[in-house]
Amino acid sequence: MTKLQRQLPRRKDLAPLLKFKRRVGDANQRRLATAHTIWDLRRLARRRTPAGPFDYVDGAADGEVGLHRAREAFEDLEFRPGILRDVSRTDLSTTVLGARSALPFGMAPTGYTRMMHAAGEPAVVAAAERAGIPYALSTMGSTSIEQVAETAPSARKWFQLYLWKDRELSLELVANARDAGYEALIVTVDVPAIGNRLRDLRHGMTIPPQLTLRTFVDASYRWEWWFNFLTTEPLRFAFDRKGEGALTDIVAKLYDPTVTFDDLAWIREAWDGPLVIKGIQTVRDAEQAMDHGADGIVVSNHGGRQLDRAPVPLHLLPEIVDAVGSRGAVMLDTGIMNGGDIVAALALGADLALVGRAYLYGLMAGGEAGVTRCIEILAAEVERTMKLLGVSSVDELGPDHVRLMTRRMPV
Ligand SMILES: Cc1cc2nc3c(=O)[nH]c(=O)nc-3n(C[C@H](O)[C@H](O)[C@H](O)COP(=O)(O)O)c2cc1C
């Protein structure tokens, strides 16, 4: 056996090892810098947000199988790289609905965003504006159409509409969105009834969140969330200044289970910009949406929050692209937690991916800076995956770059 030769450490050898990192940014930025994945942001979010709002975001319907399967589909796929390509420069931009997006993903509409963090929708749209990517404001937003527009005048803003029992109110929102310069209308069609969100029921989720004994215990270590919550404008749905009560009750009063494809006609008449139908889950419905005048669709199962065990969007995508890809934009969401997931969706023919929870985890982890961190993480992952696949632009991605694995594929 060779004998290890030892020596006393010398000052000149130690000095280069003792370089202490200079503290950069404030405590929030330093905390966010420790997050290297969206899962890391989720961990930070969980520590900093009360269980009710955190689970409202994190949870899905019933057994949460739909969300789990959607994420599993992204995990299971196999990338097929091309080697020895010049990938010194990469262009991550893409065109969707006739305009550029600096990155191949956008922010999906999420209701009641100020509950996740007091900075809410303005923080998300501001981060999207800086990144040059689209942002969709939800009908169920906690910030008004106008305030979001004022916060980020040059952002690409889309307005997401639910077709409500009160048609006048729907039309009023459409008119407000048009007047405030929103570019596209996204009509979400997968909520004829609200999904069975068991975590919300178990928390007794109400709007606004209630101060109970349990909440006070929770507040003792999520004090920043509570401080923000109690010292900013009271939380409410922007469309209805009086809206209060259990989330499920509000939803039951508003959502209209009688809506059919024919209703797209009056929306088409009221909105002359790009019209996108969100919540498409079969090839037939994708075709019908286009037949009824849509300019695009979002293949989505609402992040698994509506019908549990609904089709996995990624599995459906190739067939849908085949059927309607030449007739309009095809976007995809549900389960995206990594830039590689976005690249896979683009390779299988999506024009853009949308993320929901990913940016909400960022928001809960650190407000606007957290949303920016989410965008940075996803953008870096998209770029790295593209380089490793041997492509330098989004247009070069194609079905040859991805093979779907057969575990849980529909038979
Ligand atoms: C907290 C939360 C609220 C949401 N609210 C809405 C909404 O108001 N309107 C809508 O069309 N979709 C809504 N969604 C669905 C998202 O637009 C999107 O389809 C979904 O989040 C994508 O899945 P992902 O979260 O795994 O990225 C919501 C999703 C979450 C997580």
### Query
Of all residues in region 327-368 being part of a loop (DSSP other than H, G, I, E, B) and more than 21 Å from D40 (Cα to Cα), which is farthest from the ligand (Cβ to nearest atom)?
R327
### Residue count, region 304-329 (criterion: within 21 Å of G63 (Cα to Cα) and open to solvent by less than 10 Å² (accessible area, probe 1.4 Å))
4
### Query
Since R47 meets every condition but one in (1) within 13 Å of the ligand (Cβ to nearest atom); (2) over 17 Å from the mean Cα position of the chain (by Cα); (3) under 23 Å from R202 (Cβ atoms), which condition does it not meet?
(1)
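For every residue, the table says whether it meets (1) at pLDDT below 95; (2) open to solvent by 20 Å² or more (accessible area, probe 1.4 Å); (3) in a loop (DSSP other than H, G, I, E, B).
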| position | (1), (2), (3) |
| --- | --- |
| K253 | yes, yes, no |
| L264 | yes, no, no |
| D285 | no, yes, no |
| G293 | no, yes, yes |
### Task
Taking only region 67-86 into account, find how many residues are over 23 Å from the mean Cα position of the chain (by Cα) and open to solvent by less than 30 Å² (accessible area, probe 1.4 Å).
1
### Task
Could you tell me whether region 100-111 includes any residue that is within 16 Å of the ligand (Cβ to nearest atom), open to solvent by 10 Å² or more (accessible area, probe 1.4 Å) and modelled with pLDDT under 95?
yes
### Message
Let me confirm something: among D55, D13, which residue is crowded, with 17+ Cβ neighbours inside 10 Å, among the acidic types (D, E) and in a helix (DSSP H, G or I)?
### Response
D55
#### Entry: Qualifying residue in region 160-173 (condition: at pLDDT 90 or above, open to solvent by 10 Å² or more (accessible area, probe 1.4 Å) and of a type in the set (S, T, Y))
yes
### Message
So, R71, is that one among the charged types (D, E, K, R) and within 16 Å of the ligand (Cβ to nearest atom) or not?
### Response
yes
### Task
Among the residues of region 137-196, write down those that are in a loop (DSSP other than H, G, I, E, B), hydrophobic (A, V, I, L, M, F, W, C) and within 16 Å of the ligand (Cβ to nearest atom).
M140, L163, V189, V191, A193, I194
### Message
Consider region 291-326. How many of its residues are touching a Pro at 6+ places or on another chain (Cβ under 8 Å) and more than 13 Å from the ligand (Cβ to nearest atom)?
### Response
5
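The values are calculated or read from the model by the stated rules, or taken from the named source; none is laboratory data. Because the structure is predicted, anything quoted here is derived from the model rather than measured. Heads up, the Cβs are rebuilt from the backbone with ideal geometry, glycines too, and the neighbour counts pull from every protein chain shown. Surface accessibility is based on the protein's heavy atoms, side chains included, excluding ligands, DNA and RNA. Shrake-Rupley method; radii C 1.70, N 1.55, O 1.52, S 1.80 Å.
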